[in-house]
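The block underneath contains the structure these notes are about, expressed in structure tokens.
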Amino acid sequence: MAKILFINPPSRKNIYLNTNVSIATPSYPSLTLATLAGNLIDKNEVKILDLDLENNIHESLFSNIKTFNPDLIATTATTPHYPTAKKLLYEIKDR
């Protein structure tokens, strides 16, 4: 049984929070991560961390990694969120 941590990278801040529509900033959960987790949960311990819902992204991310101690960390990213996801994965790798 593997421990798998799926990360939904923060997207609202980069796209919406610095604009005129910041008051109505949408947050969309990743159905891709939910589908993958749902298919893996029978034989693995799976956790999804949605960084859009966290105030302190780095503290939450590394706290979850430390307590969950995953064997595998995966993320998803759409084109506008790719740089953020890539940066987070490099930070995880460096630690």
**Complete:** Filtering segment 52-73 down to residues that are within 19 Å of D94 (Cα to Cα) and either open to solvent by less than 30 Å² (accessible area, probe 1.4 Å) or among the aromatic types (F, W, Y) (or both) yields S60, L61, F62, N64, F68, P70
**Asked** Under the condition of being in a strand (DSSP E or B) and either within 16 Å of A2 (Cβ to Cβ) or touching a residue at least 60 places away in the same chain (Cβ under 8 Å) (or both), which residue from segment 40-66 is nearest to the chain's Cα centre (by Cα)?
**Response** I48
**Request:** Only residues that are modelled with pLDDT of 75 or more, surrounded by 14 or more Cβ atoms within 10 Å (Cβ to Cβ) and in contact with a Leu (Cβ under 7 Å, 6 or more places away or on another chain): list them for segment 1-45, please.
**Result:** I4, L5, F6, I7, N8, P9, P10
**Those residues of segment 67-95 which are over 10 Å from the mean Cα position of the chain (by Cα) and part of a strand (DSSP E or B), in sequence order** = L72
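The values are calculated or read from the model by the stated rules, or taken from the named source; none is laboratory data. Remember, predicted model here, so these are calculated numbers, not experimental data. Positions of Cβ are generated from backbone atoms using ideal geometry, with glycine treated the same way; all protein chains shown enter the neighbour counts. Note: areas computed on protein heavy atoms with side chains; ligands, DNA, RNA excluded. Shrake-Rupley method; radii C 1.70, N 1.55, O 1.52, S 1.80 Å.
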